[in-house]
Amino acid sequence: MQSSKPSPTKPSQPARILLGRLLRDYVRPHLPLLVRAFAFMALAAAMTGALATLMQPVIDDVFNARDKARLFEVTAAVFVAFILRGFGSYMQTILVNDIGQRIVAATQRQLYSHLIRADLSYLHANASGALLSRVINDVQVLRYAVGECLAGIGASAVTLVILIGVMFWRDWVLASIAFTAFPLAAVFVSRVAKRLRRVGTQTQEAVGQISAVMGQSFTAARQVKAYGTEHFEEQRIGGMIDRIYQLSVKAYRVANTTTPVNEILSGLAIVTVIAYGGLQVMAGQGTAGELFSFITAFLLAYEPLKKISKLNGHLQTGLAAAERMFAVLDTPSAITDAPEAKALELREPSVRFEKVTFAYKPEDGPVLRHFNLEVPAGNSVALVGASGAGKSSILNLVLRFYDVQEGAVRVSGQDVRQVTQASLRRNFALVSQEVAIFDDTVRNNIRYGSPEASDADIERAARAAYAHDFIMALPQGYETILGEHGTRLSGGQRQRISIARAMLRNAPILLLDEATSALDSESERAVQAALAKLQKGRTSIIIAHRLSTISDADIICVMDKGEIVEQGRHEDLLAKGGLYARLWRLQAGEAA
Ligand SMILES: Nc1ncnc2c1ncn2[C@@H]1O[C@H](COP(=O)(O)OP(=O)(O)OP(=O)(O)O)[C@@H](O)[C@H]1O
Ligand SMILES: [Mg+2]
């Protein structure tokens with residue numbers, strides 16, 4: 001049910017390549033900010049180093065030598081160092097966060113632009129919730145990782161370098177002893193990293209899935225209640241929540257396995273330092289202040305060290321998110337403008353299908369096979385026939401929502417693949433089988449796609465679609481917010497809004513797919529009259545099940561399994577006594 005297509009579970013791309021792309025495309029544009037952030041990091045790090053250094057005069061001059069003048073100097077220096085360190089860290093954090101948020105905004109914009117332009121088969125293959133999760137959740141994971149990595153590399157590494165400098169300056173032998181622990185820790189940390197990236201990918205996939213399934217269950221709330229499947233949904237979502245819980249706990253545990261190892265290694269190092277350094281001070285080599293300053297530097301180095309040892313973890317989660325994001329960005333739309341595509345020149349609004357063979361998926365077999373259809377300019381062509389015969393598919397091809405496998409669809413003599421999509425679609429108004437209502441005002445719903453329309457135009461279109469009266473009866477009239485999927489309207493009212501939208505569009509070619517199916521006979525007759533007026537001087541393709549609504553079409557095509565089996569005017573088809581005549585009699589019988 002929910003297929004979030006191209007999301008590799010195993011890390012497939014080398015970290016180096018992902019990281020390179022991430023830095024080049026997303027971090028580098030913020031170089032000036034980054035430089036400022038690093039300057040403040042350096043300030044904070046320098047002050048940390050200064051604090052370690054100041055421990056020597058604190059012990060030697062103040063405590064041992066009891067020098068009052070030095071007491072004032074040293075305490076003042078310590079205080080100033082703290083103030084500057086606080087200021088530096090604050091600025092650094094703010095700037096790094098700013099960079100992270102800018103990256104989020106940029107990637108969200110980029111992902112959304114890419115997804116909204118993706119072809120329909122991609123959008124339909126991926127649940128809307130899963131797509132949403134990519135733009136919202138994955139990007140946040142990326143932000144967190146980028147932030148932690150920048151702060152880790154910057155603040156922690158710089159601090160560490162300065163503190164190590166202080167340590168080597170105080171006593172290089174002691175410093176060498178203390179840092180034998182490093183390589184050991186590094187080996188361990190790198191082993192943890194691979195597992196982390198895998199868990200990261202799995203977690204994001206699970207979050208995508210849950211967003212999809214949960215979203216569907218809310219959208220289908222009416223069905224959930226009617227079929228009493230609350231418990232079933234609960235179990236399904238519950239299972240996914242469990243999985244995310246387990247993955248998150250696992251990720252955290254894996255990330256933190258470095259902690260006990262680090263503790264033990266640093267414990268060993270500090271014990272060695274105290275023992276060796278203590279013996280030296282006792283032997284009269286070096287002062288207690290020098291040793292204390294060394295130990296302070298070592299202890300202060302612990303925090304940044306810990307951050308750096310976790311850096312790889314953040315990096316791996318970030319890379320997992322980046323990989324998923326790149327997978328989306330690197331999937332090109334199946335429907336794109338040809339490189340030499342020109343704008344459609346609508347000399348006459350005609351549509352032609354020439355030997356079209358088309359399948360949604362090759363493995364499913366073609367929906368249309370060597371299909372021919374001629375819609376002359378200014379004519380109305382009706383498509384009737386059994387459910388699944390391929391009627392809506394024809395409209396999908398006219399608008400180039402999908403490409404044909406063989407043959408061609410021509411609008412005004414031009415192959416739809418040779419003209420730009422924008423120039424092609426501009427000439428159509430579509431009332432589709434699924435009515436789309438946006439969570440916006442009635443006015444904006446009608447105006448959708450015709451932004452320059454005036455309020456008077458909107459009202460005229462609404463009147464023509466027999467929507468004006470019920471709109472005026474809504475609490476705020478045209479300003480009433482319709483809610484998601486237009487939940488506050490009846491099916492027939494929704495349909496009339498979408499007809500008004502198509503009328504306002506004022507396009508030369510009309511595509512109506514069951515446009516009046518949800519209306520009662522009386523309003524259907526009225527809307528039908530309005531549509532007939534609209535069709536004057538335009539070309540239209542009309543799909544209908546109720547034959548009475550299309551009986552005065554210029555050409556009626558009766559379709560069966562992707563083929564036109566009968567074609568002609570109403571009277572001729574009736575006289576012929578074929579499938580159309582039979583369907584007509586059936587429906588007439590029902591009506592009587
Ligand atoms: N997005 C899609 N992906 C795969 N197959 C599809 C898709 N849309 C339609 N089909 C298949 O194509 C065939 C024709 O569907 P189409 O929607 O054109 O029928 P229709 O004549 O409009 O039917 P109805 O009168 O019920 O709306 C059907 O067998 C359907 O299963
Ligand atoms: Mg259909």
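The values are calculated or read from the model by the stated rules, or taken from the named source; none is laboratory data. Keep in mind the model is a prediction, meaning the values are calculated, not measured. So basically every Cβ, Gly included, is an ideal-geometry build from the backbone, and we count neighbours across all protein chains shown.
Data table
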{"quantity": "Residue list for the stretch 281-290, restricted to those being in contact (Cβ under 8 Å) with a residue 60 or more places away in the chain and outside any loop (DSSP other than H, G, I, E, B)", "calculated": "Ala288, Gly289, Glu290"}
{"quantity": "Tally, over the stretch 543-557, of residues that are within 15 Å of ligand 2 (Cβ to nearest atom) and hydrophobic (A, V, I, L, M, F, W, C)", "calculated": "4"}
{"quantity": "Count of residues meeting criterion [crowded, with 19+ Cβ neighbours inside 10 Å and hydrophobic (A, V, I, L, M, F, W, C)] in the stretch 82-103", "calculated": "4"}
{"quantity": "Check on Arg443, surrounded by 15 or more Cβ atoms within 10 Å (Cβ to Cβ) and either farther than 28 Å from Thr539 by Cα or under 27 Å from the mean Cα position of the chain (by Cα) (or both)", "calculated": "no"}
{"quantity": "Residues being polar (S, T, N, Q) and buried (at least 19 other Cβ atoms within 10 Å of the Cβ) - total across the stretch 365-391", "calculated": "1"}
{"quantity": "Residues of the stretch 506-522 classified as buried (at least 20 other Cβ atoms within 10 Å of the Cβ) and part of a helix (DSSP H, G or I), total", "calculated": "0"}
{"quantity": "In the stretch 312-342, the residues that are part of a helix (DSSP H, G or I) and surrounded by fewer than 21 Cβ atoms within 10 Å (Cβ to Cβ)", "calculated": "Phe326, Ala327, Leu329"}
{"quantity": "Whichever residue in the stretch 340-393 is β-branched (Val, Ile, Thr) and within 18 Å of Leu579 (Cβ to Cβ) and, among such residues, is farthest from ligand 2 (Cβ to nearest atom)", "calculated": "Val381"}
{"quantity": "Hits in the stretch 277-306 - residues which are surrounded by 19 or more Cβ atoms within 10 Å (Cβ to Cβ) and under 39 Å from the mean Cα position of the chain (by Cα)", "calculated": "Pro304, Leu305"}
{"quantity": "Residues within the stretch 506-528 that are at pLDDT 85 or above, within 14 Å of ligand 1 (Cβ to nearest atom) and not hydrophobic (A, V, I, L, M, F, W, C), tallied", "calculated": "2"}
{"quantity": "Qualifying residue in the stretch 364-386 (condition: at pLDDT below 90 and within 30 Å of Ala206 (Cβ to Cβ))", "calculated": "yes"}
{"quantity": "Search result, residues across the stretch 338-395 that are of a type in the set (Lys, Arg), out of contact with any Leu (no Cβ under 6 Å at 6 or more places or on another chain) and under 13 Å from Lys561 (Cβ atoms)", "calculated": "Arg369"}
{"quantity": "Cross-chain or 6+ apart pairs with Cβ under 6 Å, the stretch 525-551 first and among the charged types (D, E, K, R), then surrounded by 17 or more Cβ atoms within 10 Å (Cβ to Cβ) and not in a helix (DSSP H, G or I)", "calculated": "Arg538/Pro508; Arg538/Leu510"}
{"quantity": "Of the criteria (1) in contact with a Leu (Cβ under 8 Å, 6 or more places away or on another chain); (2) modelled with pLDDT under 85; (3) within 16 Å of ligand 2 (Cβ to nearest atom); (4) not basic (Lys, Arg), which one Leu531 fails", "calculated": "(3)"}
